[in-house]
Amino acid sequence: MPLHHASWIGVWVVFLAASAATTRADERTPAAQLIAAWNDGGSSSREARQRATEALPLDQMAAPARQTVERALRQTTLYRRLPVQTITCDTALLDFALLHPDAIVDIWRVLGISRLSLDPAGPQQWRLSDGYGTVGSLRLVHRERQGRGGLLVYHGRGGYSGSLTPKPLSGSCLIVARHHPEPPAADGRSRQTVQIDAFLDVDGMGLELVTRTLQPLIVRSAAMNLAEVCIFMETLSTAAERNPNGVVRLTDRLSRTDPEHRATFAGIARAAGRNAGRPGDPEAVQTELAARWLSTDELDTLQR
């Protein structure tokens, strides 16, 4: 099953108005879908939204960024705190993925596990298309270190036109990603906790209509997508530790990634490999990274 995510925090594709494009039909009733979605460990409560809003460092943002964030908060029709994820992942790799999500999407393209494109459109800005009718733009409006962790605030805008909705949809979203280190795993590997708050506005749709028609789909899809992205990041981190030469060779194929960023990524892989002391077969990394999302025949084709 191919990945359908926009990046490491690819939930913004889901949280754009075109979120329906990334999820298969569900035969359960809307009420059953909503119950299942709300039992994922996330929250849409007023209290969670208030805490997330109050935690934003608006006074530390540049004026244009602050205005963008404040406008998005005022126009929110649906808020969701996604289930917190704790992953085993190299710290430098996580930092890189959050700052350069287009590089992660470029890996997916090379591996053939996603139709998504996320192409640079300026400093910390990207154009996106998921290959299923969703197009849009994304930019990083604020970033800061917080202790040994960090905070990143993204703003996205996009739309969907396709068979899953009777008319084109458009909307915008604010994605707030926080990460901080956890005590290391038993084998000494780095562990990170990631928390994401998402604020969605769908153009021309009120809260009642969004709640009734889109919320079950959006909530469930966002949680599933984030979990899958986290699994990929864990797999990539493990590959860098066990097979740094393979990951470095993979970076040479990232034709849509800035050469400077490719070099940074390769350096992170080499450092992770040195730390683990596990040189590996440079030819095996593609299969290791893609195995979860490709069939046996597709893996054979990838190896050839």
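The values are calculated or read from the model by the stated rules, or taken from the named source; none is laboratory data. Model, not experiment: these values are computed from the prediction. Every residue, glycine among them, receives a Cβ derived from its backbone with ideal geometry; neighbour counts consider all protein chains shown.
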*Restricted to segment 112-157, and to residues that are among the hydroxyl-bearing types (Ser, Thr, Tyr) and within 17 Å of Asp201 (Cα to Cα), which residue is modelled with the highest pLDDT?*
Tyr154
*Is it the case that Val69 is surrounded by fewer than 19 Cβ atoms within 10 Å (Cβ to Cβ) and modelled with pLDDT of 85 or more?*
no
_Matching residues, segment 12-44, being at pLDDT 55 or above and exposed (fewer than 13 other Cβ atoms within 10 Å of the Cβ)_ = Gly41
*Can you spot a residue in segment 79-92 that is in contact with a strand residue (DSSP E or B) (Cβ under 6 Å, 6 or more places away or on another chain), over 17 Å from Cys230 (Cα atoms) and touching a residue at least 24 places away in the same chain (Cβ under 8 Å)?*
yes
*Does Trp108 meet the test of being modelled with pLDDT of 90 or more and closer than 21 Å to Ala272 by Cβ?*
yes
*Which ones in segment 116-135 are in contact with a Gly (Cβ under 8 Å, 6 or more places away or on another chain), within 19 Å of Ser255 (Cβ to Cβ) and not polar (S, T, N, Q)?*
Leu116, Arg127, Leu128
*In segment 57-102, what residues are in a strand (DSSP E or B), of a type in the set (A, V, I, L, M) and more than 22 Å from Asp201 (Cα to Cα)?*
Ile87
*What is the one condition in (1) touching a helix residue (DSSP H, G or I) at 6+ places or on another chain (Cβ under 7 Å); (2) of a type outside the set (S, T, N, Q); (3) within 26 Å of Arg74 (Cβ to Cβ); (4) at pLDDT 90 or above that Pro181 does not satisfy?*
(3)
_Count - residues of segment 188-221 that are at pLDDT 70 or above, among the β-branched types (Val, Ile, Thr) and surrounded by fewer than 21 Cβ atoms within 10 Å (Cβ to Cβ)_ = 1
_Going residue by residue through segment 222-233, is there one that turns out to be touching a helix residue (DSSP H, G or I) at 6+ places or on another chain (Cβ under 9 Å) and at pLDDT 90 or above?_
yes
*Quickly run through segment 77-93 and pick out the residues that are closer than 13 Å to Thr238 by Cβ and aliphatic (A, V, I, L, M).*
Ile87, Leu93
*All but one of (1) polar (S, T, N, Q); (2) more than 30 Å from Pro244 (Cα to Cα); (3) out of contact with any helix residue (DSSP H, G or I) (no Cβ under 9 Å at 6 or more places or on another chain) hold for Thr91, so report the exception by its number.*
(2)
*Only one residue in Arg148, Arg127, Arg139, Arg157 is under 16 Å from the mean Cα position of the chain (by Cα) and surrounded by fewer than 17 Cβ atoms within 10 Å (Cβ to Cβ). Which one?*
Arg127
*Scan segment 129-146 and report the pairs whose first residue is over 13 Å from Arg157 (Cα atoms) and whose second residue is basic (Lys, Arg), with Cβ atoms within less than 8 Å and a gap of 6+ or a chain change.*
Asp130/Arg115; Gly131/Arg115; Tyr132/Arg115; Gln146/Arg178
*Taking into account only those residues within segment 81-115 that are over 25 Å from Leu299 (Cα atoms), under 15 Å from the mean Cα position of the chain (by Cα) and charged (D, E, K, R), which is surrounded by the fewest Cβ atoms within 10 Å (Cβ to Cβ)?*
Asp95
*Of all residues in segment 276-300 being assigned to a helix (DSSP H, G or I), of a type outside the set (Asp, Glu) and closer than 20 Å to Asp90 by Cβ, which is modelled with the lowest pLDDT?*
Ala276
_Enumeration of residues in segment 41-56 that are in contact (Cβ under 8 Å) with a residue 12 or more places away in the chain and in a helix (DSSP H, G or I)_ = Ala48, Arg49, Ala52, Thr53
